[in-house]
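The values are calculated or read from the model by the stated rules, or taken from the named source; none is laboratory data. Bear in mind that the values here come from a model prediction, so they are computed numbers and not experimental data. Cβ atoms come from the backbone with ideal geometry, glycine included; neighbour counts cover every protein chain shown.
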Amino acid sequence: MAEKAKVAIFISGRGSNMAALLYAANLPEAAYEVVLVAANDPMAEGLALAAAEGIHTFALSHKGMQRAEHDAAMEQAAREAGAEYIVLAGYMRILTDDFAKRWEGRMLNIHPSLLPNYPGLDTHQRAIDAGDSHGGVSVHLVTPELDAGEVLGQMRVAIRKGETADSLAERVRFAEHQLYPRVLNDYLERAR
Ligand code: GRF
């Protein structure tokens, strides 16, 4: 079997997608292993989970730092861990163009809408307000333009009567946990 791709996951909070990616990496067919979980918030919940699972972690608050300086420190942590790919999973930081360019084709993100609809924030409320029949989730390559890189996979989630942004977000998260590991795995299989 070919060697597994080495992946660093960047998070900012709960890290439920990170957990889904981590456990999917334990499946026999997994094309990747997680070599690092890094956060821009030392209190990010997901860090403790990753550590409990024996994954190397790194945390550096972005507060009081220049964006380029913080990016560089995160990037260095990824390189030191031997990462070949960076997977953003609820990483709430806009990256510098240089960082995005250096990792072009090797950095993925998950976004809670059916792109190109609703890049940016408040995606669920915007889909509900527009009267859309479905919200959903997209996994895409990261480019300097926010949420605009090639879409690698999407999953639709029905919007029910009386749906709130929170109730939709909760269901979209189930879809996210199915989609992200699968799309990452397929992408890495194609790359090797
Ligand atoms: C997810 O909804 C993801 O689509 C968005 O941020 C959220 C992260 O949730 N980019 P979690 O930290 O993975 O639980």
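Would you confirm, using the coordinates I've provided, whether Ile110 is out of contact with any Ser or Thr (no Cβ under 9 Å at 6 or more places or on another chain), crowded, with 17+ Cβ neighbours inside 10 Å, in a strand (DSSP E or B) and in contact (Cβ under 8 Å) with a residue 40 or more places away in the chain?
no
Which of the residues spanning the stretch 135-145 are surrounded by fewer than 17 Cβ atoms within 10 Å (Cβ to Cβ) and either more than 18 Å from Tyr85 (Cα to Cα) or within 11 Å of the ligand (Cβ to nearest atom) (or both)?
Hit for the stretch 135-145 is Glu145, nothing else.
Modelled with pLDDT of 95 or more and either within 15 Å of the ligand (Cβ to nearest atom) or exposed (fewer than 13 other Cβ atoms within 10 Å of the Cβ) (or both): does that describe Gly105?
In short, no.
Which members of the stretch 1-56 meet the condition of being surrounded by 21 or more Cβ atoms within 10 Å (Cβ to Cβ) and of a type in the set (S, T, N, Q)?
Matches in the stretch 1-56: Asn17, Asn40.
If Glu163 meets every condition in (1) more than 22 Å from Ala39 (Cα to Cα); (2) in a strand (DSSP E or B) apart from one, which number is that one?
(2)
Within the group Asp71, Asp97, which residue is at negative phi and surrounded by fewer than 15 Cβ atoms within 10 Å (Cβ to Cβ)?
Asp97
Restricting to the stretch 146-170, give me the number of residues that are within 11 Å of the ligand (Cβ to nearest atom) and without any contact (Cβ under 8 Å) to a residue 24 or more places away in the chain.
Here the count works out to 1.
Can you spot a residue in the stretch 62-73 that is away from the ligand (no atom under 16 Å from the Cβ) and closer than 18 Å to Leu179 by Cα?
The answer is no; no qualifying residue exists.
Within the stretch 123-140, can one find any residue that is touching a residue at least 12 places away in the same chain (Cβ under 8 Å), assigned to a strand (DSSP E or B) and hydrophobic (A, V, I, L, M, F, W, C)?
Yes - at least one qualifying residue is present in the stretch 123-140.
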